[in-house]
Amino acid sequence: MVAMGKRVKTFQIVFSDPSKTFYCGGDKVSGRVEVEVNEVTRVSAVKLLGLGCAKVEYAKGKQRCRQEAEYLRYEEVLLLEEQPTDSDGSVVLRPGNKYEYIFGFELPQQGQLVSSYKGKFGYVQYYVKALMERPQQPTLECKKPFEVEEPLDVNTPDLLSPTGGMKEKKVTCMFIPDGQVSLNAKIDRRGFCEGEDICINAKFENTCSRIVVPKAAIIAKHTYQANGRTKVFRQKLSSVRGNHIISGMCDAWQGKTIRVPKMKPSMLSCNIIRVEYALMIYIHIPGSEKLILELPLVIGTAGLGSRSNSVSSQEGSVSNGSQSWVSLRMPSEPPSYCDITRDCRLDQPLTPLLDDFDGDDSPIFMNAPPFQFPPPPAYTEAEEEYNGNARMLPVC
């Protein structure tokens, strides 16, 4: 930031390494304050401040909620090298010269800072501020922000352990029982980094009369605290969906993936701002509330113990999933359907009574018209793997 005036031509802060994108706890922040003047100017002192704070501010009705937390405060009086000073410590700056005040300070050690953040109702900001004090003149100031990213390692035993859950919901229509839907899902670990794939193993069951749709999404939850009040803001970052499930049928996801998009790591150590993530697996039920299962996620910083790709994640989920999820392997050469000549057209169209409000054309009730499917070619056998033991099962 450059302050221009009648007497002062240039007043700005320049970091020693302008290409450095972020700092971590314990790193050194260094640089210089550059000053050029248009007229002879007496400077009493040039002070440098290193500041970092979290701030939350939002309106709650007529009340204005505001809260701050300080994480960094550094102060230093800068001196010019080989520049004569008066008895009061002031110096005289002359036109045509470029003056540089050198500074450098270390950030607090890891665990004492929180990562930079900018959200809807708050932020965490770090910056360096320079103050130029002049006799009988207003104090000039300029500041330069910098980013802090605290490392968050996801390769810990807690975050590498699998997690899952089960949910079910009874469905009614005009207070009349209409069956139920259920889901059972798990993932092989809770800690991920940007760009990795989350492998989902899940089973969905629909015994109600409606056509339902299974979906999954990565959700961000931003929690702001101020004046004893809490405000929560939720975002859907990415999502996937499965096939429609008609009445009386089941469906399973075996290693279905959703990629972690580009986003900030989890922020769990700030006193007034908290950023958490979750994998939300849910079933959309037309005309009723969704059946939702949320599995907590921790998003770590790339480069610190992070996995370079998601291959290991996928291999782990497959090996773990094979212990509790049925995996069918089809014969290498299935029989041909080319000899089937029956007419497979529907006798009447399906008419949905109510469309899915978030974009899926799933009717409330399934209208099943008379329809004779052609007999499939006979499979002699299919091989099923369950708990590592292979056995032969007939296919109906």
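The values are calculated or read from the model by the stated rules, or taken from the named source; none is laboratory data. Here the structure is a predicted model, which is why all the values come from computation and not from measurement. All Cβ positions, even for glycine, are placed from backbone atoms using ideal geometry, and neighbour counts span all protein chains on display.
Tell me whether the stretch 98-107 contains one or more residues that are among the aromatic types (Phe, Trp, Tyr) and closer than 30 Å to Gly228 by Cα.
The answer is no; no qualifying residue exists.
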Would a scan of the stretch 164-181 turn up a residue that is hydroxyl-bearing (Ser, Thr, Tyr) and either buried (at least 16 other Cβ atoms within 10 Å of the Cβ) or within 30 Å of Glu289 (Cα to Cα) (or both)? yes
So, in the stretch 294-311, how many residues would count as being outside any loop (DSSP other than H, G, I, E, B), buried (at least 20 other Cβ atoms within 10 Å of the Cβ) and either over 14 Å from the mean Cα position of the chain (by Cα) or at pLDDT below 95 (or both)? 0
Those residues of the stretch 146-191 which are hydroxyl-bearing (Ser, Thr, Tyr) and not in a strand (DSSP E or B), in sequence order: Thr156, Ser161
From Leu152, Leu113, Leu107, Leu80, which residue is buried (at least 16 other Cβ atoms within 10 Å of the Cβ), more than 37 Å from the chain's Cα centre (by Cα), of a type outside the set (Val, Ile, Thr) and not assigned by TED's automatic domain parsing to the domain that holds His222? Leu80
In the stretch 15-57, how many residues are among the basic types (Lys, Arg) and part of a loop (DSSP other than H, G, I, E, B)? 1
Give the stretch 108-152 a look and list any residue that's basic (Lys, Arg) and more than 27 Å from Arg229 (Cα to Cα), or say none. Lys129, Arg134, Lys143, Lys144
Among residues of the stretch 92-104, those that are surrounded by fewer than 18 Cβ atoms within 10 Å (Cβ to Cβ) and out of contact with any Asp or Glu (no Cβ under 7 Å at 6 or more places or on another chain), counted: 6
Does the stretch 126-133 contain any residue that is among the aromatic types (Phe, Trp, Tyr), surrounded by fewer than 19 Cβ atoms within 10 Å (Cβ to Cβ) and either within 25 Å of Cys193 (Cβ to Cβ) or touching a strand residue (DSSP E or B) at 6+ places or on another chain (Cβ under 7 Å) (or both)? yes
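To keep it simple, each residue is scored yes or no on (1) outside any strand (DSSP E or B); (2) buried (at least 19 other Cβ atoms within 10 Å of the Cβ).
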position: Ser209; (1), (2): yes, no
position: Ile218; (1), (2): no, yes
position: Ser239; (1), (2): no, no
position: Pro286; (1), (2): yes, yes
